[in-house]
Amino acid sequence: MNRKQYLVYRLVWTVVGAWGALSGIFLAFALAPDPGQYKICPGGGCRAAYRAARNYDAPLHERYLSWMEGFLTFDLGTTVRGEPIAGVLADASTVTLTYLVLSVALAVIAGVGVGLFVAMRPDSKLLRAVRAVSYVGFAIPTFVAALGVFFVAVEYLGIYTLEYDHEQALFTARNLVALTLPAGVVTVNLFAIQLRYARSESVDILQRDFIRALHARGMGTAVVVRHVLKNGATSLLSVFFSELVGVVFVVLVVVEVIFDIPGFGQLLYRGIQQRDLGIILATTTFPILLVMVGNFVQDVAYTIIDPRIESGAE
Amino acid sequence: MSRPIIANEEVADADGRDSRLARRDWAFLGVLAVLTVLLVADWRGAFRVDYVLFSYDFTGLDWLFVYALAVLAFYFVLPLAIKRRRTAAYWRRLRADRWATASFVVLVAFVLLGLFGPLVFHPDRPVFGEMGPYGVPLTQPPVGFDILWGGPCAGAEIDGRCHGTWQYPLGTTPGGKDVVGMIVAGTRVALEISVICVALLVPLATVVGTTAATYGGRVDEFLMRYVDIQQSIPAFFVIILAQETLGYINKDTGGSLLLVVLVFGFMNWGGIARIVRSEALELQEQSHVHAARIAGMSEFRIVRTHVVPNALSTIFTAVTVQISWLLLLETTLSFLGIGSKVHPSWGYVMTTSARSDFFPTHHWWGVLFPAIVLAVAVVALQILGDALRDVTDPRMK
């Protein structure tokens, strides 16, 4: 298989996977009755209208087609309150992405850097200390850490301006400052995980023969670092996708609920609390599709970073 | 590579060691059959075995726990007990690492606490605590602390401040329950979900991983692509969606712990399957496996006697990470209100305390102490997992 065929092959699998996931979710919810029709219309007066608005009485295959069409055209219907979900989702995602991109980048770079740094100094006190930090950082539930940070900031340091002001726009000084605390919690959490993998991966690579050959030829640290990074890049990238992405969303929801940030995580939480099916579906399905696309992008990146993959062998 | 197909598997059975393994498999299947019959009998209401034996109504989670214990007993404890020399060698190597030994001791303590602690602390009683006068729950700080509290107080009351008492060393929850007792009850829940998670993850991952490696070609490609897709779906979202669907059917808002474990178990075996597959592929090429194949061992037996034992060390490490995830995820789900509302898990204690009106002036102890216990368990799992990779790896000296 050459590179082009390989990528087309992976693309087909991505599309099949996305289609399977969407269909699975549709079936699960199509076959379960929506409680909204009883909750919003207790007397039963508007149940027919509620059902008609959501197309519940149409035959299954028609609902399936319109569901798929809705996702493909970003027409996601409305929330229980009547706001368009696509707009709400876009607003919330903007808030989240504002701090998330920076946090993830910082956590990944710092995690890989520190992990590699300590791996090159085996049996040192530093290595042990870093190991301990990454173990403990991983072991504390995010919501406990976030609550702790929140109360230390408010009760002991007396910083009250750190709370997000919902009346003001996102890109105002106050709200950008308010994002620093949740961003910090997310960064530290991801850093601890990335550090763990980066360290063990680096230790693994540093034991290989070609590193010894490099040392024997009197190469400096910079050259060794470059070789380790090049060799570790693929597996660290796949760790990023398989482990970090799953964690990111969990951490997001917790942090945004505790710090009251009107982002993606809070939207999902609100959907669960208000039992708003539209919001829950949009906030869970899109990330799933996004991760699948991300996986495909990762495959493309692999073929560029690591030429061995092109041959088709893993 | 040619793989001779041997019709009569009895050839390999002539070997004494192998037939003992086979007997163990039969015994396990027997236990599984008995369990299934009992479950069906209990479910149809013909014979309430759980009441007769334990005077306690088994939930789906408890049945799975019994199954998981059977898996671990037959395929983890029994081999360790039979192969004493190998076990002793593992133990010697584990002893060389101080931290790993400490973690091992901590985890054994957790297992014992989870198994036998609830016999003392009764987690099956309703999650309502001891009431003070007028039906107001006790709010008791930990020993050495005092709080301003007008309600009932079990300890010394000095200047209107309620002092901690040794009756409730770590204080009480907002429901008035002893935090120590709730931590012990939570240990049982944590043990249940971890053991179930292992008993779902490892067999699934082993079967898929070895199948992919053994048959190769299209089977391998299909299985691995499927694993790819499955791994790109975060279990967190599937749990949310599943809880919602289930909530729609049940029309109540409480989450199901059974569902959390099942989704987690069935969604997260992909990584381990990959590990098993690559180990198996490596082993296929080795001379003793070639020899076994030529001697007429069936593929199934080769996988069982050569591939699985060699992959165990990496499986161990991966499993400790997964258990840690599950325990952390459980607390987070509880906090978000999609965890179980009937199981006294650590997440439940932390959530009810953190969501109390008086948090964090009061009830910080209901968050802090379970969090410490959870952190200790997770750190111990991580250290032991990393150490086990070195200890059980047959390729290490």
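Odds and ends about this structure:
- B:R274, A:R47, A:R121 arranged by Cβ crowding within 10 Å, fewest neighbours leading: A:R121, A:R47, B:R274
- Ascending count of other beta-carbon atoms within 10 Å, so fewest first, for B:D42, A:D260, A:D276: A:D260, B:D42, A:D276
- Inter-part distance where the stretch B:317-339 and the stretch A:56-123 are each reduced to a Cα centre, Å: 21
- For chain A, hydrophobic long helices are taken as DSSP H runs at least 30 Å long by C-alpha position along their axis with mean Kyte-Doolittle hydropathy of 0.5 or more; these are A:3-31, A:85-119, A:180-206, A:277-305.
- Here the residues B:L170, A:L22, B:L257, ranked from fewest to most Cβ neighbours within 10 Å of their Cβ, fall in the order A:L22, B:L170, B:L257.
- Extension reserve of the A:T221-A:D209 stretch, reckoned as 0.36 nm per residue once the Cα distance is removed: 2.7 nm
- Cα gyration tensor, chain A - rounded (a/c under 1.5), prolate or oblate: oblate
- Dipole magnitude for chain A: computed about the Cα centre from +1 point charges on Lys and Arg Cβ and -1 point charges on Asp and Glu Cβ, it is near 960 debye.
- Extension gain from A:W19 to A:L31, taking 0.36 nm per residue of separation minus the Cα-Cα distance: 2.5 nm
- MRE, 222 nm, helices only [DSSP H, n ≥ 4, -39500 (n - 2.57), over chain A, to nearest 500]: -24000 deg cm²/dmol
Every read-out reported here was derived from the displayed coordinates using simple, explicitly stated rules and does not represent laboratory data. Quick caveat: nothing in here was measured; it's all calculated off a predicted structure. For neighbour counting, all protein chains shown are included, and Cβ atoms are generated from backbone atoms with ideal geometry for every residue, glycine included.
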